[in-house]
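Report on the structure given below.
Each reported figure results from applying straightforward, stated rules to the coordinates on display, with no laboratory input. Keep in mind that what you see is a predicted model, and the values were worked out from it rather than measured.
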Amino acid sequence: MDTDQLIAHSRARFEHESARKILKEKYQGKMIFAYRGGMWSAGPELLSTLQCCVMDKEVVIEDLYHNPVSINTKELWNLASARWQEQMNAWLVEHEKLNGER
């Protein structure tokens with residue numbers, strides 16, 4: 001490989017990594033939603049916390065900003081899991097498209 005090819009290859013790898021990071025940040029932002037006066041981020045941490053609680057009961061847990069919020073575990077779990085799956089599916093589609101362009 002000559003120098004120009006090496007530069008072009010390294011630039012393409014750098015641009016691909018930057019695009020992946022931007023894509024991740026985009027979908028992490030879309031995981032955030034409001035419920036009962038609190039802000040929540042759909043993801044494994046929230047879902048597993050809710051699974052530890054008794055389903056269909058009112059409990060108080062911390063939101064993203066460390067505020068105590070009274071929630072219904074089943075309602076919040078349904079909202080969070082739907083948001084999580086919807087955004088992960090969309091992220092996968094864009095990620096595969098990005099890898100295909102590489």
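Details
- Note on the chain: Lys pairs 8 or more places apart or on different chains, Cα atoms under 25 Å apart, count 7.
- Between 0 and 90°, nearest 10: helix 73-101 axis offset from the chain longest Cα axis: 10 degrees
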